[in-house]
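S.K.: Here it is, the structure in full.
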Amino acid sequence: MNKEGNRVSIREAAKILGVSQETLRRWEDAGKISVTRTPKGHRRYDLMMLRNFGKYVPVDNNKTLAYARVSTQGQKDDLIRQVNLLETFCASKGWQYEVIEDLGSGINFNKKGLKNLINKILNREINRLVLTNRDRLLRFGSELIFSICAANSVEVVIINKTEEKTFEEELVADVLEIITVFSAKLYGKRSHKTKKLIETLSKELNAQVL
């Protein structure tokens, strides 16, 4: 243990509280937990503070993985909102958790975060998967991932079940997702043609649903 008096490193603090180091950094940014710095800028946490902080977190030995995803770099704010919701939800349950952030289309199975998630399930490294919404995992094929979870005794928790879309709304979202991916490959992600095509189709599809 890297101790300086009654202070420990971020690695030891994360182990004591049963959370990831990234979670501790977010808690620090949000003012939820206090931290001091060494002359070289390394974080140090007071042991007494950690023990008192831990009293308010119920013990849960199950390992939880929370997954957040957005399709583009321009949706960074949405990704932050997802991560905050996942962390708040998991912490309120007293779960030991890790958050995986992913970037890519909902019809792309080759995303780094998704592959990491699947490997952890297959290697039986987690007992629970938490999502903000069902479509944050995948647009198509989420049932396959859920079946893999069931086969490996992984519980799936979806926070916003009540915000499920109608069949028509889901169809519009799925069609737009497919068109966005293929038009981006054809014209480029930021091209005027791609943006124009998506805007036009979005208006027409939504008008038909309404």
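S.K.: Do the conditions hold for V83, that is, is it within 25 Å of the chain's Cα centre (by Cα), at pLDDT below 85, among the β-branched types (V, I, T) and crowded, with 18+ Cβ neighbours inside 10 Å? Explain how you work it out, then say what you get.
M.R.: Working: within 25 Å of the chain's Cα centre (by Cα): yes; at pLDDT below 85: no; among the β-branched types (V, I, T): yes; crowded, with 18+ Cβ neighbours inside 10 Å: yes.
It is false that V83 is within 25 Å of the chain's Cα centre (by Cα), at pLDDT below 85, among the β-branched types (V, I, T) and crowded, with 18+ Cβ neighbours inside 10 Å.
S.K.: Select from the stretch 10-25 the residues that are polar (S, T, N, Q) and assigned to a helix (DSSP H, G or I) and write down the one among them that is farthest from T88 (Cα to Cα). Please lay out each step first, then the result.
M.R.: Taking the stretch 10-25 as the starting set, the residues that turn out to be polar (S, T, N, Q) are 20-21, 23.
The next check asks that each one be assigned to a helix (DSSP H, G or I); those that pass are 21, 23.
Numbers: Q21: 16, T23: 11 Å.
Here the residue is Q21.
S.K.: Which of the residues that make up the stretch 136-157 are in contact (Cβ under 8 Å) with a residue 12 or more places away in the chain and not in a loop (DSSP other than H, G, I, E, B)? Give the steps one after another, and end with the answer.
M.R.: Start the filter on the stretch 136-157 by keeping residues that are in contact (Cβ under 8 Å) with a residue 12 or more places away in the chain, which leaves 136-141, 145, 148-149, 152-157.
Within the stretch 136-157, R136, I145, I148, C149, E155, V156, V157 qualify.
S.K.: Determine, yes or no, whether I148 is crowded, with 17+ Cβ neighbours inside 10 Å and at pLDDT 90 or above. I'd like the intermediate steps shown before the answer.
M.R.: Working: crowded, with 17+ Cβ neighbours inside 10 Å: no; at pLDDT 90 or above: yes.
Taking the combined requirement at face value, the residue does not satisfy it.
S.K.: Answer yes or no: is there a residue in the stretch 154-163 that is modelled with pLDDT under 75, more than 20 Å from the chain's Cα centre (by Cα) and of a type in the set (D, E).
M.R.: Within the stretch 154-163, none of the residues are modelled with pLDDT under 75, more than 20 Å from the chain's Cα centre (by Cα) and of a type in the set (D, E).
S.K.: Among the numbered criteria (1) under 22 Å from I10 (Cβ atoms); (2) over 14 Å from the mean Cα position of the chain (by Cα), which one does N119 miss?
M.R.: So N119 meets the others, but not (1).
S.K.: With the requirement that a residue be within 24 Å of N84 (Cβ to Cβ) and surrounded by 15 or more Cβ atoms within 10 Å (Cβ to Cβ), what does the stretch 29-53 give you? Give the steps one after another, and end with the answer.
M.R.: First, pick out the residues of the stretch 29-53 that are within 24 Å of N84 (Cβ to Cβ): 29-35, 43, 45, 49-50, 52-53.
Of everything in the stretch 29-53, those that are within 24 Å of N84 (Cβ to Cβ) and surrounded by 15 or more Cβ atoms within 10 Å (Cβ to Cβ) turn out to be I33, V35, R43, Y45, M49, L50, F53.
S.K.: Please verify whether V130 is surrounded by fewer than 17 Cβ atoms within 10 Å (Cβ to Cβ) and either of a type in the set (V, I, T) or touching a residue at least 40 places away in the same chain (Cβ under 8 Å) (or both), treating the condition exactly as stated.
M.R.: Numbers: surrounded by fewer than 17 Cβ atoms within 10 Å (Cβ to Cβ): no; either of a type in the set (V, I, T) or touching a residue at least 40 places away in the same chain (Cβ under 8 Å) (or both): yes.
Considered against the rule, which asks whether it is surrounded by fewer than 17 Cβ atoms within 10 Å (Cβ to Cβ) and either of a type in the set (V, I, T) or touching a residue at least 40 places away in the same chain (Cβ under 8 Å) (or both), V130 comes out as no.
S.K.: Related question: Look through K115, K93 and report the one residue that is basic (K, R), closer than 22 Å to A150 by Cα and free of Cβ contacts under 8 Å to residues at least 12 places away in the same chain. Walk me through it before giving the result.
M.R.: Values: K93 fails: free of Cβ contacts under 8 Å to residues at least 12 places away in the same chain.
Going through K115, K93 in turn, just one is basic (K, R), closer than 22 Å to A150 by Cα and free of Cβ contacts under 8 Å to residues at least 12 places away in the same chain: K115.
S.K.: What tally of residues in the stretch 1-21 results from selecting those that are within 28 Å of the chain's Cα centre (by Cα), modelled with pLDDT of 80 or more and of a type outside the set (V, I, T)? Please lay out each step first, then the result.
M.R.: So in the stretch 1-21, the residues within 28 Å of the chain's Cα centre (by Cα) come out as 8-21.
From the residues that got through so far, the ones that are modelled with pLDDT of 80 or more too are 8-14, 21.
From the residues that got through so far, the ones that are of a type outside the set (V, I, T) too are 9, 11-14, 21.
Residues meeting the conditions: 6.
The values are calculated or read from the model by the stated rules, or taken from the named source; none is laboratory data. Here the structure is a predicted model, which is why all the values come from computation and not from measurement. Don't worry about glycine lacking a Cβ; one is built from the backbone with ideal geometry, like all the others, and counts go over all protein chains shown.
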